[in-house]
Amino acid sequence: MITKETLIKFLDSRVKDFSKISDKIWEFAELQFKEEKSSELLSSFLANEDFTIEKNVAGIKTAFIGSYGSGNPVIGILGEFDALSNMSQKSGIACKGSLVDGAPGHGCGHNLLGTGSLAACIAIKEYLKETGMKGTIKFFGCPAEEGGAGKVFMVRSGCFEGVDVAMTWHPASQNIVWKDSSLANNQAYFNFKGISSHAAASPHLGRSALDAVELMNVGANYLREHIISDARLHYAVTNTGGTAPNIVQAEATVLYLMRAPQSNQVRDIYNRVCKIAQGAALMTGTKVEIEFNTGVSEFKPNIPLTGLLEKNLKRILPIDGYTNEDISLAKSITDTIPSIDTFLSRLEDKKLAEHIRETGICNGFIENITGLGSGSTDVGDVSWVVPTAQFTTSCAACGTPMHSWQFVAQGKSNLAHQGMLTAAKTMALSAFDILQNPQILKEIKESFENDLNGEKYICPIPPEISPKY
Ligand SMILES: [Zn+2]
């Protein structure tokens, strides 16, 4: 008979295999939509484990689905594997130093994310195989989380149809379940076209695209007063139209990122920003072309599924497999990041706070923390079409910021591998519960329908927009 203990032991016995894969993906460090080696490594590993592989899904070369088993329930586990630009960093040291100047690096730990999810799928496959139970496990190989919104394209093309639940996790510096939403966003380029002219001899013949960008930004800054206070507007001028002040700029581009708690709020703000752009074009006698870039929906955490992940994560914690080497790396990393004393003094679990102070490592569960900041994630779109839940595990010294050289430096450490293993175990045990007890899935689905309350998913990316390679 297979029990939860069997699954835990199985994953422990294969930690070396999984760590090797994660370390290789760390080394590949491939950017969004270019994760060819990482995607191939994960999919061929799954193929060797008897998973059926469907490549090129949603028309994306590096997106794939690995499936094992038959019938319902269909359990989906999401894996990411893209790196961040300019984040190259040597591993295992506590000072900034790139491996290759200007090269990408795994600043968000997606090497661990993809591999931990793969490990969970393999454990669940073992369970299905040994018991002969009905049920399907699917690994979703999701490219381009970092700005490419890979999952949104996968949702749009129907990859998640027929999936009963989706689980995922994220490497972090603490063990937390994700109970809050994330922000929905839209991103678009506003390309202004004017007429160039000599700025002193014939300025009256010129129409400045740069003036239009500046006026658009002024308009957007006035708009802030009249949108909900939880919304965020960010912009970057990506083309100033040149460096010569004596030429009227004939072209200029500004990239806008608009965020709000709900997709419908983002849609409203986006439409108003578009009108401001048209106003700026009218004022300057220029033309504006609006180029939608990308967008994601807000995350809707499925509460019963989140609770199931929490129960199983707590079963595995605390971790006590850290070596002196792990502690010494964690402590020296801690010296390079802002102090987390205020956070520790607020922790209810005083024993855990003490452990973190002594070792620099969060080895236990952090209760009652809401939110993981006000970022956005393309997991949000999956959560609109399938009941979804996610959590984080401790893969780096406590307090290590994401997208930092410190995160990259710890990406191949034993601490990172332990966090990845904890994530795999948590998802495998939760799938075990779902397969064993149909009542759990029933509650998850009821909660999903209640949360949607009849609202239909609207893909934030228009149908004519394809992935930006
Ligand atoms: Zn990430």
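The values are calculated or read from the model by the stated rules, or taken from the named source; none is laboratory data. Computed from a prediction, not measured in an experiment: that's the story for all the values here. Note that we place each Cβ from the backbone using ideal geometry, even for glycine, and neighbour counts take in every protein chain shown. Accessible surface is based on the protein model in full, side chains and every heavy atom, while ligands, DNA and RNA are left aside. Shrake-Rupley method; radii C 1.70, N 1.55, O 1.52, S 1.80 Å.
Taking interchain pairs and intrachain pairs at least six residues apart, which have beta carbon atoms under 6 angstrom, with the first residue in region 210-226 and over 9 Å from Ile276 (Cα atoms) and the second open to solvent by 20 Å² or more (accessible area, probe 1.4 Å) and among the small types (Gly, Ala, Ser)?
So the pair list comes out as Leu210/Gly241.
Among the residues of region 111-120, how many are closer than 26 Å to Gly162 by Cα and within 13 Å of the ligand (Cβ to nearest atom)? Lay out the reasoning, then the answer.
Restricting attention to region 111-120, the residues satisfying the condition of being closer than 26 Å to Gly162 by Cα are 113-120.
Still in the list and also within 13 Å of the ligand (Cβ to nearest atom): 113-114, 116-117.
Count: 4.
For (1) of a type in the set (A, V, I, L, M); (2) surrounded by 21 or more Cβ atoms within 10 Å (Cβ to Cβ); (3) within 16 Å of the ligand (Cβ to nearest atom), each residue gets a yes or a no:
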site	(1), (2), (3)
Ser173	no, yes, yes
Ile176	yes, yes, yes
Gly206	no, no, no
Ala212	yes, yes, no
Leu223	yes, no, no
His234	no, no, no
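Does Ile269 satisfy being assigned to a helix (DSSP H, G or I), of a type in the set (Val, Ile, Thr) and in contact with a helix residue (DSSP H, G or I) (Cβ under 6 Å, 6 or more places away or on another chain)?
No, not satisfied.
Exactly one of (1) open to solvent by less than 30 Å² (accessible area, probe 1.4 Å); (2) more than 30 Å from Asn437 (Cβ to Cβ); (3) modelled with pLDDT of 95 or more is unmet by Pro104. Its number?
Only one criterion is unmet by Pro104, namely (1).
So Glu126 ticks every box in (1) open to solvent by 30 Å² or more (accessible area, probe 1.4 Å); (2) at pLDDT 95 or above; (3) under 21 Å from the mean Cα position of the chain (by Cα) but one. Which box is left unticked?
Checking Glu126 against (1) open to solvent by 30 Å² or more (accessible area, probe 1.4 Å); (2) at pLDDT 95 or above; (3) under 21 Å from the mean Cα position of the chain (by Cα), the one that fails is (3).
What's the total number of residues in region 138-153 that are away from the ligand (no atom under 16 Å from the Cβ), closer than 26 Å to Thr393 by Cα and either assigned to a helix (DSSP H, G or I) or open to solvent by less than 10 Å² (accessible area, probe 1.4 Å) (or both)?
Final tally of qualifying residues: 1.
Hey, among the residues in region 178-201 that are open to solvent by 30 Å² or more (accessible area, probe 1.4 Å) and more than 20 Å from the chain's Cα centre (by Cα), which one's nearest to the ligand (Cβ to nearest atom)?
Among those residues, the one meeting the criterion is Tyr189.
Please pick out the residue among Ser43, Ser88, Ser98, Ser70 that is more than 14 Å from the ligand (Cβ to nearest atom), open to solvent by 50 Å² or more (accessible area, probe 1.4 Å) and either of a type in the set (Ser, Thr, Tyr) or not assigned by TED's automatic domain parsing to the domain that holds Ala431 (or both).
Testing whether each residue is more than 14 Å from the ligand (Cβ to nearest atom), open to solvent by 50 Å² or more (accessible area, probe 1.4 Å) and either of a type in the set (Ser, Thr, Tyr) or not assigned by TED's automatic domain parsing to the domain that holds Ala431 (or both) leaves just Ser70.
Evaluate region 349-370: report whether one residue or more is in a loop (DSSP other than H, G, I, E, B), open to solvent by 20 Å² or more (accessible area, probe 1.4 Å), among the polar types (S, T, N, Q) and more than 27 Å from Ser332 (Cβ to Cβ).
Yes: region 349-370 contains one or more residues that are in a loop (DSSP other than H, G, I, E, B), open to solvent by 20 Å² or more (accessible area, probe 1.4 Å), among the polar types (S, T, N, Q) and more than 27 Å from Ser332 (Cβ to Cβ).
Do you know which residues across region 278-321 are closer than 30 Å to Met154 by Cβ and assigned to a helix (DSSP H, G or I)?
First pass over region 278-321, keeping only residues closer than 30 Å to Met154 by Cβ: 289-313, 316.
Answer for region 278-321, where residues must be closer than 30 Å to Met154 by Cβ and assigned to a helix (DSSP H, G or I): Ile303, Pro304, Leu305, Thr306, Gly307, Leu308, Leu309, Glu310, Lys311, Asn312, Leu313, Ile316.
May I ask you to list the residues in region 96-137 that are of a type in the set (Ser, Thr, Tyr) and assigned to a loop (DSSP other than H, G, I, E, B)?
Ser98 - this is the single residue of region 96-137 that is of a type in the set (Ser, Thr, Tyr) and assigned to a loop (DSSP other than H, G, I, E, B).
Scan region 272-289 residue by residue and report those that are open to solvent by 50 Å² or more (accessible area, probe 1.4 Å), within 36 Å of the chain's Cα centre (by Cα) and touching a residue at least 40 places away in the same chain (Cβ under 8 Å).
Listed by number, the residues that qualify are Arg272, Lys287, Glu289.
Among the listed residues Ile444, Ile458, identify the single one that is β-branched (Val, Ile, Thr) and open to solvent by less than 10 Å² (accessible area, probe 1.4 Å).
Being β-branched (Val, Ile, Thr) and open to solvent by less than 10 Å² (accessible area, probe 1.4 Å) holds for just one of Ile444, Ile458, which is Ile444.
Identify all residues within region 425-439 that are in contact with a Lys or Arg (Cβ under 7 Å, 6 or more places away or on another chain) and open to solvent by less than 20 Å² (accessible area, probe 1.4 Å); write none if there are none.
Leu429
Identify all residues within region 373-413 that are part of a strand (DSSP E or B) and more than 12 Å from the ligand (Cβ to nearest atom); write none if there are none.
Residues satisfying the conditions are Thr388, Ala389, Phe391, Thr393, Ser394.
Check region 298-307 and report whether any residue there is within 30 Å of Glu443 (Cα to Cα) and among the polar types (S, T, N, Q). Explain how you work it out, then say what you get.
As a first pass, look at region 298-307 and keep what is within 30 Å of Glu443 (Cα to Cα): 298-307.
Adding the requirement that they be among the polar types (S, T, N, Q) leaves 302, 306.
Yes, the conditions are met somewhere in region 298-307.
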